[in-house]
Amino acid sequence: DAGVTQSPTHLIKTRGQHVTLRCSPISGHKSVSWYQQVLGQGPQFIFQYYEKEERGRGNFPDRFSARQFPNYSSELNVNALLLGDSALYLCASTRQGSETEAFFGQGTRLTVV
Amino acid sequence: QKEVEQNSGPLSVPEGAIASLNCTYSDRVSQSFFWYRQYSGKSPELIMSIYSNGDKEDGRFTAQLNKASQYVSLLIRDSQPSDSATYLCAPSNQAGTALIFGKGTTLSVSS
């Protein structure tokens, strides 16, 4: 079975630009969560979506937004990129919410220059 | 107070030894607890989940949970050089909408 897939794997953007990251969950999983991991830190929660509805939002500015599609795939959008947005962006897939086992994709390494 | 605390390490153990990784958390109502392994430059990989007090064993790994003490640990028996990685402790939040990660403990197993 395919695991969680994310695209692209690497991305370089300029300050002020916009970026869209994509995630496809494990087949049968209906919940997708997004996390940001900066070097030397644990992942930080950004959003959780379940059945296309936002179920949770972390402490991130409104420049961050996400959505989930009918096939349960998801997009994370970040506007007006800052240097501090450079990080590994991780997508996690669970059957339901975060009380159940979450499996991560390989991540998207975003560099803002 | 930090929500999830782990010793950053590095924790160094010889091959074949037992590695003990500890984690404390602040949210008393967390119900689900997970341990992830993360190799340098890679994404976290789920290795253990535990939901009730006591021990849970899976191969060389044993997770221990004590909700009264707000403490969860991971024991790795017969440590191998391939176990060298950062281990992340992650309780779920009260709403079950997020995992709250610690900074992780770096484990180094020497052959």
Next on the checklist: It is to be established whether one or more residues within the stretch B:54-64 are within 9 Å of chain A (Cβ to nearest Cβ) and in a loop (DSSP other than H, G, I, E, B).
Outcome noted: no
Checklist entry - Applying the selection to the stretch B:22-40, what residues are more than 20 Å from B:Glu57 (Cα to Cα) and more than 11 Å from every other protein chain (Cβ to nearest Cβ)? => result B:Tyr25, B:Ser26, B:Asp27, B:Arg28, B:Val29, B:Tyr39
Next on the checklist: Looking at the stretch B:31-53 only, could you name the residues that are part of a loop (DSSP other than H, G, I, E, B) and of a type in the set (Gly, Ala, Ser)?
Outcome noted: B:Ser32, B:Ser40, B:Gly41, B:Ser43, B:Ser52
Item to check | Condition check for B:Lys67: more than 8 Å from every other protein chain (Cβ to nearest Cβ), touching a strand residue (DSSP E or B) at 6+ places or on another chain (Cβ under 6 Å) and among the basic types (Lys, Arg) | outcome: no
Checklist entry - Can you tell me which residues in the stretch A:98-110 are assigned to a strand (DSSP E or B), surrounded by fewer than 22 Cβ atoms within 10 Å (Cβ to Cβ) and facing chain B (nearest Cβ under 7 Å)? => result A:Phe103
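Here's the yes/no breakdown for (1) farther than 24 Å from A:Gln36 by Cα; (2) out of contact with any helix residue (DSSP H, G or I) (no Cβ under 6 Å at 6 or more places or on another chain); (3) of a type in the set (Val, Ile, Thr):
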| site | (1), (2), (3) |
| --- | --- |
| B:Val13 | yes, yes, yes |
| B:Asn22 | no, yes, no |
| B:Ser30 | no, yes, no |
| B:Asn53 | yes, yes, no |
| B:Lys67 | yes, yes, no |
| B:Tyr71 | yes, yes, no |
| B:Ser82 | yes, yes, no |
| B:Ala98 | no, yes, no |
Checklist entry - Quick one: would you say A:Tyr89 is in a strand (DSSP E or B), out of contact with any Pro (no Cβ under 6 Å at 6 or more places or on another chain), closer than 30 Å to B:Asn7 by Cα and aromatic (Phe, Trp, Tyr)? => result yes
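Quick check, is B:Leu107 more than 14 Å from chain A (Cβ to nearest Cβ), within 15 Å of the chain's Cα centre (by Cα) and within 29 Å of A:Gly58 (Cβ to Cβ)? I'd like the intermediate steps shown before the answer.
Values: more than 14 Å from chain A (Cβ to nearest Cβ): yes; within 15 Å of the chain's Cα centre (by Cα): yes; within 29 Å of A:Gly58 (Cβ to Cβ): yes.
The answer is yes for B:Leu107.
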Item to check | Selection count, the stretch A:1-20, where residues are surrounded by 12 or more Cβ atoms within 10 Å (Cβ to Cβ), over 23 Å from A:Arg57 (Cβ atoms) and within 12 Å of chain B (Cβ to nearest Cβ) | outcome: 2
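Yes/no matrix, rows are residues, columns are (1) facing chain B (nearest Cβ under 9 Å); (2) touching a Ser or Thr at 6+ places or on another chain (Cβ under 7 Å); (3) under 21 Å from B:Arg37 (Cβ atoms); (4) at pLDDT below 95:
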position: A:Arg22; (1), (2), (3), (4): no, yes, no, no
position: A:Gln44; (1), (2), (3), (4): yes, no, yes, no
position: A:Gly58; (1), (2), (3), (4): yes, no, no, no
position: A:Leu82; (1), (2), (3), (4): no, no, no, no
position: A:Gln96; (1), (2), (3), (4): yes, yes, no, yes
Next on the checklist: Condition first: surrounded by fewer than 14 Cβ atoms within 10 Å (Cβ to Cβ), within 15 Å of the chain's Cα centre (by Cα) and of a type outside the set (A, V, I, L, M, F, W, C). Can you find one or more residues in the stretch B:75-94 that meet it?
Outcome noted: yes
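The values are calculated or read from the model by the stated rules, or taken from the named source; none is laboratory data. Predicted model, so just to flag it, every value in this text is computed and none were measured. Virtual Cβ from ideal backbone geometry, glycine too; neighbours counted across all protein chains shown.
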